[in-house]
């Protein structure tokens, strides 16, 4: 067991312990036993529709590197979520960049830049939904302070990415200044890697591509909010949709910093905290948080593992992507032959 797994397990235990301290386990189990779990089926179907919207979002963010169809990206998105749910510190993001880089002959570092833009859009979109909920709901501490802190963080990140991606000359000048702290032998490689990473952010400076990505980001999180609502129906929780949108935003923002596997612990704690603040009993809120997270993890992991098995992709190949210094090409057949003409790239070959 490596240090990352131990750290992830520790974070999970801390937050689950905080949640369990304020609940009666017997009452939580009783709430779980009363669930109408057949109502999860339409919610899960809606969630997978949201994953399709996320693949559409990625399509727009990848446009500066190439015109990759959604049908080719969708299974890779599922594989990425599968790896993220089973391993700590978001190794699935590296797996996604590797798989797209291999299949589409793109720089894996540049593709990783598009995933960084995704994470930025996730945070901004979740804060947007939290803001909508705040118009209708009185948000108390500590949640209010957490949301304000996250808003400041994502505003600073957005400003930095807009500045970096809008001017290649400014970027090169900034990089030249920053890499001076490195030994001279490391500077050429560091500069090349940084420029590739920045090339993956270029969609942010294009209004059409950024608009498309932002639109499908909003749709993807709206569908997840509807999924949260269906889980509430399954457990007979009487809360308005605004509370579920706030719970979705708080739980996912709490897991935006890589820590535990699948965000287990922080997700449950902040999800339950929202429901408790708006009158749901701690035991029922805890049961809800456990069910909603399990329903988000288990189906996509099963689909992702089936996909890996059907494409003859050994799990060990995927999990070694983040550590292999020069990995061999992986034979991953996704979709049909390459469709459409490849868009112009900007020094993105690996």
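All of the numbers you see were taken from the coordinates with simple rules; none came from a lab. Since the structure is predicted, the reported quantities are computational estimates derived from the model, not experimental observations. In this analysis, Cβ positions are derived from the backbone assuming ideal geometry, glycine residues included, and neighbour counts consider all displayed protein chains.
Conditions tested, residue by residue: (1) part of a helix (DSSP H, G or I); (2) more than 19 Å from residue 143 (Cβ to Cβ).
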position: 236; (1), (2): no, yes
position: 252; (1), (2): yes, no
position: 270; (1), (2): yes, no
position: 275; (1), (2): yes, no
position: 279; (1), (2): no, no
position: 291; (1), (2): yes, yes
position: 304; (1), (2): yes, yes
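If you check 245, 222 for being surrounded by 24 or more Cβ atoms within 10 Å (Cβ to Cβ) and in a helix (DSSP H, G or I), only one passes: 245. Say we look at the stretch 81-101 and pick out the residues that are free of Cβ contacts under 8 Å to residues at least 60 places away in the same chain and within 14 Å of the chain's Cα centre (by Cα); which of these is surrounded by the fewest Cβ atoms within 10 Å (Cβ to Cβ)? The qualifying residue surrounded by the fewest Cβ atoms within 10 Å (Cβ to Cβ) is 93. Among the residues of the stretch 187-210, none qualifies, meaning not one is closer than 30 Å to residue 280 by Cα and touching a helix residue (DSSP H, G or I) at 6+ places or on another chain (Cβ under 7 Å).
Quick check on the stretch 9-31. Is at least one of its residues more than 19 Å from residue 285 (Cα to Cα) and surrounded by fewer than 16 Cβ atoms within 10 Å (Cβ to Cβ)?
yes
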